[in-house]
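Quick notes on the structure that follows.
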Amino acid sequence: IKYFTSAYTGERYGFGDLFFVFKERRYGKAIKLTILVIIGYTIISLGLSLLMQLAFTAVNLPFSALMGGLSYENSIEASAAMITGQIGIFILMLVVNLLLLLVMYIPYVLLMIYMFLVYLVFVDQPHIPTFDKFSIAFKVMFQAGQSLVRLFFSNVLLLAGVTILYFVLMLVVGLLIGFLAAAMDSPFLIVLILAVMGVLSLIFYIYVMYLMVGSIVAFYYKGRPQ
């Protein structure tokens, strides 16, 4: 975060800045801030998990009742219709559950952005009172007149892109390893492919994290109180 803030503001950044938090009595404030962040995250996560379970239960109960109601038919024609109906209901239930999961994922992404903003305030203004850091982060996130929706969806798309890329890479690696194992029986090539794919995955991951962190840093500096 210190590196990104220095790059954004045009300040010089050197190796010594890695130890930024250990200078000028910042470490104690960092520990206190982190403990509060962990406590807050735990409480909010438990609340979100409970809401998630209630929402999934409320959504799936009608589907379970519908599938159970179809199972009482006895004739062959009715049994065929029952199976078709159950498959249709099951597919619909999966789609609804996936949409619900995506909706429930929104607060976690917003929470991640907020916690990052809290640490940005710490890096930018380390000596102000700890609870003021939470207050400033909240104001930057919700009251600065910036497009939180754009920031949110850009980060979601980046996370989705990383997930899709990793899935494609695993599929390609699996196919290549299967082909090499069947055709050449070459452990060296298999290890080489795994190493190359690992390095490519790491490079892409670093680049995506660079974009995500950079977008939140820009969001903070454009919306912070002057």
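The values are calculated or read from the model by the stated rules, or taken from the named source; none is laboratory data. A quick note: this is a predicted structure, and the numbers were derived from the prediction, not measured. Methodologically, a virtual Cβ is constructed for each residue, glycine included, from the backbone with ideal geometry; neighbour enumeration extends over all protein chains shown. Accessible surface is based on the protein model in full, side chains and every heavy atom, while ligands, DNA and RNA are left aside. Shrake-Rupley method; radii C 1.70, N 1.55, O 1.52, S 1.80 Å.
Below 14 angstrom from the Cβ of Ile35, what's the summed charge of the other residues (Lys, Arg +1; Asp, Glu -1)? Residues near Ile35 contribute +3 overall.
In this structure Phe15 has an accessible area near 150 Å², from a 1.4 Å probe over the protein heavy atoms.
Over the heavy atoms of Leu99, what accessible area does a 1.4 Å probe trace out, to the nearest 10 Å²? Near enough 100 Å² of accessible area. The residues neighbouring Ile136, those whose beta-carbon lies less than 11 Å from its own, together hold a net charge of +1 under the Lys/Arg +1, Asp/Glu -1 convention.
Using 0.36 nm per residue, how much length does the chain from Asn60 to Thr42 gain when fully extended, once their Cα-Cα distance is taken away? Show your work: numbers first, answer last.
Details: separation 18, 0.36 × 18 = 6.48 nm, distance 2.66 nm.
Stretched out fully, the Asn60 to Thr42 stretch lengthens by 3.8 nm.
With the simple spin-label model, which puts each label point 7 Å out from Cα in the Cβ direction, the Val149 to Ala7 separation comes to 2.9 nm.
The largest accessible area among Arg26, Arg150, Arg224, Arg12 belongs to the first residue in Arg12, Arg150, Arg224, Arg26, and the rest follow in falling order (1.4 Å probe, all chains).
Projecting the Cα positions of Tyr207, Phe56, Leu101 onto the charge dipole of the chain (unit charges on Cβ atoms of Lys, Arg, Asp and Glu, taken about the Cα centre) puts Tyr207 furthest along the positive direction. Estimated from helical segments only, the mean residue ellipticity of the chain at 222 nm is -30000 deg cm²/dmol, where each DSSP H run of four or more residues counts as -39500 (n - 2.57).
Return one whole number: the accessible area per residue of the chain in Å², for a 1.4 Å probe. Before the final figure, lay out each step's value.
Working: 14440 Å² over 226 residues.
Solvent-accessible surface per residue comes out at 64 Å².
For the chain, the relative contact order comes to 27 percent (Cα pairs under 8 Å, sequence separation of at least 6). As an equivalent ellipsoid, the chain spans semi-axes of 44, 30, 15 angstrom, where each value is the square root of five times an eigenvalue of the C-alpha gyration tensor, largest first.
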